[in-house]
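Bear in mind these aren't lab numbers, they're just calculated from the coordinates by the rules spelled out. Keep in mind the model is a prediction, meaning the values are calculated, not measured. Note: ideal-geometry Cβ built from the backbone for every residue, glycine included; neighbour counts use all protein chains shown.
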């Protein structure tokens with residue numbers, strides 16, 4: 001599976017975006033040989049399990065130009081790098097506390113020519129800047145994530161959703177969302193993507 005899978009759900013990609021998405025396959029395969037950021041068994045599923053999964057956030061919200069997004073615990077660059085390709089007018093900051101992972105994210109972002117993507121080697125507790133949204137992909141439980149990033153979300157609104165946290169999750173998230181029952185929404189990605197991988201995958205949003 002390759003960029004054709006992405007085009008199936010995002011048919012209005014520019015030639016540059018298609019080229020960038022195509023480049024991710026060989027780049028991640030090459031880097032994964034040196035630094036294991038994706039399970040060796042899973043690298044063949046890069047496009048559905050990692051790239052398209054990251055873009056699940058874009059099925060819920062189309063970030064407006066100049067939106068500032070912080071990707072916490074990005075690992076090798078997910079969901080931040082696929083979202084940076086899809087939203088070239090949006091500024092993404094990707095952080096991870098593990099240096100070798102952020103090294104991969106930095107190299108991939110540079111290789112595909114992303115001008116709207118900054119990668120930082122730090123723990124989110126050290127990040128002082130404020131953003132419109134915080135995104136993450138299966139990094140930690142929502143109460144812990146919200147506790148850590150509340151300081152990083154400002155209240156100037158420019159998008160259809162109020163500012164907050166958007167996380168990619170799997171399985172039952174009801175217990176995680178109990179503290180946020182009046183300010184959270186969850187969407188099933190099985191309703192967005194037909195691939196069997198998404199049967200139990202969700203996008204979870206908490207407004208802050």
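Below are the figures for this structure:
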| read-out | value |
| --- | --- |
| Gain on full stretching of the segment that runs from residue 41 to residue 185 - 0.36 nm per residue minus C-alpha separation | 48.6 nm |
| Estimated 222 nm signal from helices in the chain, with DSSP H stretches of n ≥ 4 weighted -39500 (n - 2.57), rounded to 500 | -8500 deg cm²/dmol |
| Extension gain (nm, one decimal) between residue 98 and residue 19, 0.36 nm per residue minus Cα-Cα | 25.6 nm |
| Cα-based shape type of the range 74-138, given that a ≥ b ≥ c are square roots of the gyration tensor eigenvalues and the cut on a/c is 1.5 | oblate |
| Cα-based shape type of the range 1-159, given that a ≥ b ≥ c are square roots of the gyration tensor eigenvalues and the cut on a/c is 1.5 | oblate |
| Virtual spin-label span in nm between residue 62 and residue 118, 7 Å along Cα→Cβ | 2.8 nm |
| Gained length - residue 141 relative to residue 125, 0.36 nm times residue gap less alpha-carbon distance | 4.2 nm |
| Degrees, to the nearest 10: 99-111 long Cα axis against longest axis of the chain | 60 degrees |
| Computed over the range 156-207, the ratio Rg/Rh where both radii use C-alpha atoms and Rh is Kirkwood | 1.02 |
| 0 to 90° range, to nearest 10: angle between helix 15-34 axis and the chain longest Cα axis | 80 degrees |
| DSSP-defined beta bridges in the range 3-207 - what % are antiparallel, rounded to 5 | 40 percent |
| Pairwise FRET efficiency - residue 9 versus residue 150, Cβ, R0 = 22 Å, nearest 0.05 | 0.10 |
